[in-house]
Each structure stands twice: as structure tokens, then as C-alpha cells.
Amino acid sequence: MSEMKIQSAETSAGAPALDEMPNRPTKMKGRNVNVFYGAKQALYAIDLDIYKNQVTALIGPSGCGKSTFLRCLNRMNDTIDICQVTGDIRLDGEDIYGPNIDVVELRARVGMVFQKPNPFPKSIYENVAYGPRIHGLVKGKADMDALVERSLRNAALWEEAKDRLHEAGTGLSGGQQQRLCIARAIAVSPEVILMDEPCSALDPIATAKVEELIDELRENYTIVIVTHSMQQAARVSQRTAMFHLGELVEVGDTKTIFTNPSEKRTQDYITGRYG
Ligand SMILES: Nc1ncnc2c1ncn2[C@@H]1O[C@H](COP(=O)(O)OP(=O)(O)OP(=O)(O)O)[C@@H](O)[C@H]1O
């Protein structure tokens, strides 16, 4: 287990404006977040707010720390022995690295969808029902059936899956498997969904479906997505954070970042000059 060293929240010098949209409710707030893998520092003094019911895209060249930051938001970095996180990260004002935090419960509140669809080797139904069952969210078969249906509908998979609920989840197409993983994440009623390049293993049609779904989901959830696709960031997100070499270069509304970025590094990246 990684050693957590929590420091007081401080705004680092030269950080981007933090509250450029002060009227938006903030769901998660990172301050002075540093991450180390052994002696190597991967993130430097990141200050970033995640606004409620918005999609925030994390962009930047390979190795800049996007996935590392994403994993800080539900303490997935705890599973990497050499990883150490310092700083302050809050969910609805509560320190998620605080002593009273139950990490299993945190990961139900802040769910995650990975790059490669990873359904359990179980039926479609069981993939969705497993989380609510272990968290004791549902009593009785009728309620579970209703929850499975609702989750699959919300993940835009119900029509394709309703006649094969007891077949293996791994028998679905890649795009359907990814929507099953989204249904599985939704089933435990998360507040935030983290997505790490959720479309990178999908073809353009499956990608379009998942992107459409992400747009619908933000009505009820707060979403943070790591993507290598500038088009995808522009299509699905309202806010974009640009990372480079472990630093947050700038953050702002997606339209501004893509049409009129403040920083040359952002301009160079979005126009394909490096990365
Ligand atoms: N488990 C790990 N052990 C050691 N170093 C790691 C580990 N995971 C990431 N790193 C290092 O941390 C830095 C940031 O990696 P990270 O995966 O967060 O970047 P990224 O922007 O998501 O990259 P990509 O777009 O290629 O997925 C890199 O230098 C990477 O080599």
C-alpha cells in the first residue's frame, strides 16, 4: 500500500486561474497534488477543480500524467506500491485521503471505466448485479432485475442485451462490452465516473455510441475523461485540462482551449506539433 502524506492545501505559484467559472458547483477539488513513482516525480503541484454535471477532458502528450491524475481521484494509485501521492483532493469538500475514508466506498462513489473493456467472466446480468449486491444496495430479485434493466438502459445497451442477459458478457462486441462496463459502473450509483481512454479499443461506430452516451450521462453524473483524441475532447467535454511533463499547463472551457489557448504548449499540442 502506498504511503499517503497529506499536506495542507496550497495554491502553487503560477497555477492557472482556479475558479474561472465561480458559479459552477465544484464536485472534486485537487490542490497541490504531487505524485511520485519511487524517486521519479510524475505530477507537479496540480491544482484542478472538477465541476459537477460536466465532462472534463484531460489531454496532453503521452506520459504527461493524465492517467496518474485520474487515478488520484479514486485512490486507484494506492494499488501501486511505489506510488506516493501528496496534496489535497476533496469530493464534495471531504478529504478523500482522510483517515475516515473507506476506499471501497469511495470507489463506488467515484467509479472507473478503463481503456480496454474488462467485463467479469460472468453473464451480462451478473456483471451489472455484482456491485449492487456486494454493496448491499438492493434487496430481492425484482429490485435487482429493475436495477439491471435501468443500468443497461442508461448505458444504451438494453435493446441489444435484453434477450441475452444470461449469456457471457465477454461474448459481446468490444463496443457493447465497453457499454456493459459503463452499465456496471452506473449500477452502484456513482457520483463521478472516471474514464481512461474509454474508446481507444473501439471502432468509429462504437466510439460514436459511447460518446453519445457520455453526453447523456453528464445530466446525472460528473465525468472526467482521459483522451488522446482532440476531436473526442472537443466533442464530449465542456472543460479541458492540458497536461505536459507532469504539469497542468492550462484549464478552461473546451471551446476556448481549442480555439484560443493561452499557452503555446497547448497550441502546439492541439495542432499536432508534438505528442
Ligand atoms: N506504475 C507505474 N510505475 C512507474 N512509473 C509509472 C507508472 N505509471 C506511470 N508511470 C510514469 O508516470 C508518468 C506519467 O504516466 P501516465 O500514465 O500518468 O501518463 P499519461 O499522460 O496517462 O500517458 P499515456 O497517454 O501514454 O497513457 C510517466 O513517466 C510514466 O512512465
Between the Cα axis of helix 141-154 and the main Cα principal axis of the chain, the angle (0 to 90°, nearest 10) is 50 degrees
Here the Kirkwood hydrodynamic radius of the chain, Cα-based and in Å, equals 19.2 Å
The helix 124-134 Cα axis meets the longest alpha-carbon principal axis of the chain at an angle in degrees, between 0 and 90 and rounded to 10, of 70 degrees
Quick calc, the chain, dipole around Cα centre from Cβ unit charges on Lys, Arg (+) and Asp, Glu (-), nearest 20 debye, gives 260 debye
For K122, the lysines lying under 26 Å Cα to Cα, once residues fewer than eight places off in the same chain are dropped, come out as K139, K141, K162, K209
Averaged per residue, the 1.4 Å probe accessible area of the chain, protein heavy atoms only, in Å², is roughly 46 Å²
For the chain, longest principal axis from Cα atoms; helix 204-217 axis from its Cα atoms; angle between them, nearest 10 degrees, is 80 degrees
Heavy-atom accessible area of the chain with neighbours in place, 1.4 angstrom probe: carbon+sulfur share in percent works out to 49 percent
As straight-line cross-link partners of K52, the qualifying aspartates and glutamates (C-alpha separation under 13 Å, not fewer than 8 residues apart within one chain) are D92, E191, E219
The farthest towards the positive end of the charge dipole of the chain, of the residues P132, W158, V104, given +1 on Cβ of Lys and Arg and -1 on Cβ of Asp and Glu, is W158
GNM on the chain, Cα springs under 10 Å; top mean-square fluctuation among K122, K66, K141 goes to K141
Once both label points are put 7 Å beyond Cα along the C-beta direction, the E212-F120 separation in nm becomes 3.0 nm
Of 92-100, 260-268, 44-52, ordering from highest average Cβ density within 10 Å down gives 44-52, 260-268, 92-100
Applying the gyration tensor rule to the Cα atoms of the range 147-252 (axes a ≥ b ≥ c; rounded if a/c under 1.5, else prolate if a/b exceeds b/c, else oblate), the class is prolate
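The values are calculated or read from the model by the stated rules, or taken from the named source; none is laboratory data. Every value quoted in this text rests on a predicted model; they were computed, and no experiment measured them. Backbone-built Cβ (ideal geometry, glycine too); neighbour counts: all protein chains shown. Ligands, DNA and RNA are stripped out before the accessible areas are found, and what is left, the full protein with its side chains, is counted by its heavy atoms. Shrake-Rupley method; radii C 1.70, N 1.55, O 1.52, S 1.80 Å.
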